[in-house]
Amino acid sequence: MSDLILFWHRRDLRISDNTGLAAAREKSAYVVGLFCLDPNILERDDAAPVRVTYMIGCLQALKQRYAEAGSQLLILKGNPTEAIPRLAEALNAQAVFWNWDVEPYSQIRDRNLIEALKEKGIGFLEKNWDQILHSPDEIRSGSNSPYTVYTPFWKNWISRPKMKPVETRFIASPSTKSPSASLQNLTPEEEKIAKQAGVIELPTAKDLGFIWDKELFLAPGEAAAQERLEEFCSKAIDEYQEQRNFPAIDGTSRLSAALKFGVIGIRTVWQATEEAMSNSRSDETQKAIRTYQQEIAWREFYQHVMYQFPELAEGAYREPFKNFPWQNNEKHFQAWCEGKTGYPIVDAAMRQLNEIGWMHNRCRMIVASFLTKDLIVNPQLGEKYFMQKLIDWDLSANNGGWQWSASSGMDPKPLRIFNPASQAQKFDAEGEYIRQWVPELRSVDTAFLLNGNITPIERSSLGYPNPIVDHNQQQRFFKEAYQRQKV
Ligand code: FAD
Ligand code: FO1
């Protein structure tokens, strides 16, 4: 058996602050990266072109980073549980290392891989956490059960010391380009063997059938994510408390895609927020930074609950929603998807999603509430549409966000109904966001743009639809249906 350890990247497309990669390096100086293009994921009808394009961009950057560090990233295509052991055996690798994930698919895939590696006598890394600051086994209630409510989870989670970014010793940092002497590429002979065992060149997203011809809204790769983090933490984070709610403003970190694909380490993000906290000079900015940290904790809360309650991925958690009489009107759902509901703030948000593959958090809440409480459509349809469109789609965060908005999740506050007009008045008071994404409404007076009091004649002349439902009527219907379900 050679010294070689294959490090399998999945949603940790970086070399800095990567706990599993650092562990591989501790064990051997001969570490080569690996990514497996997985048909079980790529051939599902919910892998969004924008997201796969972003992922491939991150892989290109990762390949470059490996090359700079004197090693390489191998690409496989096929079922990982077969393709990886085949490659590892052919290369006589001592082990395959990777970081653990919370998603139900990953649990099955990874356990099958462990079995296949064991059969071949190839080593592996036991359940190593990387994408979260605390493991689900660490954050538990007094009675040693997992939390199902955010606030007590947060109190426990924030009280614990956080790990510093790990040093992946052989890798040059993004700012220094010097390769390290201790790294090796595969030998020419091993290269040949690797090719025979299925290693290919990194394809483009187009080669894989994912067409995204527009520029990506978020630049892919580790260096871009690091730059975004530094920029955000040097200023905008101080105003996050106030600015994060306004969709027309670039007031949030826009790190969600980087965090989804692990292009930046969560310990690195945390450290940057802590540094911002220690540099901050007022209670107000400290509060803003704390609010940002709470969002990071929401991300972890949803990952922990997905890990502990994988059934969340299958549908409603709360009883009243398990057999809820959703109307699921096909035309209404279609109008929502296309941003043609006749509710300006809802349509602006859906068009932003369709156009750039990202949507502001405030608007995600508005459109999710509208789909479930106004159109009375099953949140799972919305969840799936987000999956097909979002650059940052993440099973746990998306499922958590939808269940929160539909009131079907673990949240103790059962009914949350957003009024689209009040939301627009509060969070897009000048109508800037609506005008950006619904250009046919640009000339409409701001008060009417926000409250939606636009006459049918004017709507028709502007080419903008009438409201497809009546908000007040639908929320009454929803509440009644909910009361019936509760008994
Ligand atoms: P920031 O405000 O800068 O927050 C920093 C980071 O914290 C984010 O990048 C994200 O990783 C995390 N975060 C922030 N808010 C939440 C939250 N409510 N839940 C979980 N994590 C959070 N987020 C995703 O990453 N992927 C999704 O698929 C997703 N789907 C959502 C669906 C719905 C219906 C809702 C209401 C929210 C969803 N969110 C999702 C959460 C949130 O909208 C996005 O994380 C956020 O808008 C991303 O922008 P940002 O990076 O600028 O966020
Ligand atoms: N991970 C992989 O290991 N191989 C893939 O081909 C792959 C594609 C992919 C596409 C969209 C997306 O949102 C994520 C993708 N991932 C891929 C990452 C995926 O999140 C992780 O593999 C999870 O562990 C799956 O549960």
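Just so you know, all these numbers are worked out from the coordinates, no wet-lab data involved. Note that the structure is a prediction, hence the values are computed from the model and not measured. Neighbour counts run over all protein chains shown; Cβ positions are idealised from the backbone, glycine included.
Just want the ordering: R14, R228, from fewest to most Cβ atoms lying within 10 Å of their own Cβ.
On the way: R14 27, R228 18.
Exposure proxy ranking, most exposed first: R228, R14.
Going toward the positive end of the dipole of the chain, with +1 on Lys and Arg Cβ and -1 on Asp and Glu Cβ, which of I249, T53, A24 do you reach last?
Positive-end residue among those listed: I249.
Kindly state, to the nearest 0.05, the FRET efficiency for T455 paired with E239, given R0 = 51 Å and r defined as their beta-carbon distance. Before the final figure, lay out the partial values.
Working: r = 39 Å, r/R0 = 0.76.
With a Förster radius of 51 Å, E is 0.85.
Going by how many other beta carbons lie within 10 Å of each one, how would you line up R44, R11, fewest first? Numbers along the way, then the final one.
Values: R44 12, R11 18.
Ranking R44, R11 by Cβ neighbours within 10 Å, fewest first, gives R44, R11.
So if I place +1 on the C-beta of Lys and Arg and -1 on the C-beta of Asp and Glu, and nothing else carries charge, what would the dipole magnitude of region 1-129 be about its Cα centre? I want it in debye, nearest 20.
Details: 16 positive and 17 negative charges, 40 e Å.
Using Cβ point charges on Lys, Arg, Asp and Glu, region 1-129 gives about 200 debye.
Restricting to DSSP loop positions (anything but H, G, I, E, B) with no more than 11 other Cβ atoms inside 10 Å of their own Cβ, which trypsin sites (Lys or Arg not before Pro) remain in region 255-362? Spell out each step's value before the answer.
Details: sites: K260, R267, R281, K287, R290, R299, R318, K322, K331, K340, R351, R362; in loops: R281, R318, K322, K340.
Those that pass, being in a loop and sparsely packed, are R281, K322.
Compute the long axis of helix 222-234 from its Cα atoms, compare it with the longest principal axis of the Cα atoms of the chain, and write down the angle in degrees, 0 to 90, nearest 10.
50 degrees
Please sort 54-62, 405-413, 155-163 by packing, taking for each peptide the average over its residues of neighbouring beta carbons within 10 angstrom, highest first.
54-62, 405-413, 155-163
Where does each of S422, S278 land when they are ranked from fewest to most other beta-carbon atoms within 10 angstrom?
Least to most surrounded, the residues fall as S278, S422.
Using only Cα atoms, locate the centre of region 49-110 and the centre of region 328-352, then give the distance between them in Å, rounded to an integer.
Spelled out, the Cα-based centre of one part sits 38 Å from the other.
If you take the C-alpha gyration tensor of the chain, multiply each eigenvalue by 5 and take the square root, what semi-axes do you get, largest first, in whole Å?
In descending order, the three semi-axes are 42, 24, 23 Å.
Classify region 1-160 as rounded, prolate or oblate, taking a ≥ b ≥ c as the square roots of the eigenvalues of its Cα gyration tensor: rounded when a/c is under 1.5, otherwise prolate if a/b is larger than b/c and oblate if not.
Prolate, since a/c reaches 1.5 and a/b exceeds b/c.
Working from Cα positions, state the angle (0 to 90°, nearest 10) between the long axis of helix 104-119 and the longest principal axis of the chain.
10 degrees
Could you size up the charge dipole of the chain around its Cα centre, putting +1 on the beta carbon of Lys and Arg and -1 on that of Asp and Glu, and report it in debye to the nearest 20? Intermediate results must be reported in sequence, preceding the final value.
Values: 57 positive and 62 negative charges, 161 e Å.
Using Cβ point charges on Lys, Arg, Asp and Glu, the chain gives about 780 debye.
Using Stokes-Einstein with the Kirkwood hydrodynamic radius over Cα pairs, what translational diffusion coefficient do you get for region 319-486 at 37 °C and a viscosity of 0.692 mPa s, in µm²/s rounded to a whole number?
The estimated diffusion coefficient comes to 204 µm²/s.
Going by amide H atoms built from the backbone, whose H comes under 5 Å of the H on G123, apart from near neighbours?
Excluding prolines and chain starts, which carry no amide H, the hits are A95, V96.
For region 303-315, what does the Karplus curve 6.51 cos²θ - 1.76 cosθ + 1.60, with θ = phi - 60°, yield as ³J(HN,Hα) per residue in whole Hz, taken in order and with x for Gly and Pro?
With coefficients 6.51, -1.76 and 1.60, one gets 5, 4, 5, 5, 5, 7, 10, x, 5, 4, 5, 8, x Hz.
For the chain, give the share of DSSP beta bridges that are antiparallel, in percent and rounded to the nearest 5; count only bridges with both residues there.
Taking every DSSP beta bridge with both residues in the chain, the antiparallel ones total about 10 percent.
Please figure out what share of the DSSP beta bridges in region 1-129 is antiparallel and state it in percent, rounded to the nearest 5.
0 percent
Which of the GluC sites (Glu not before Pro) found in region 2-79 are loop residues per DSSP with 15 or fewer other Cβ atoms within 10 Å of their Cβ? Intermediate results must be reported in sequence, preceding the final value.
Details: sites: E26, E43, E68; in loops: E43.
Answer by residue number: E43.
Hey, what angle do you get for helix 80-90 against the long axis of the chain, alpha-carbon based, 0 to 90 degrees rounded to 10?
20 degrees
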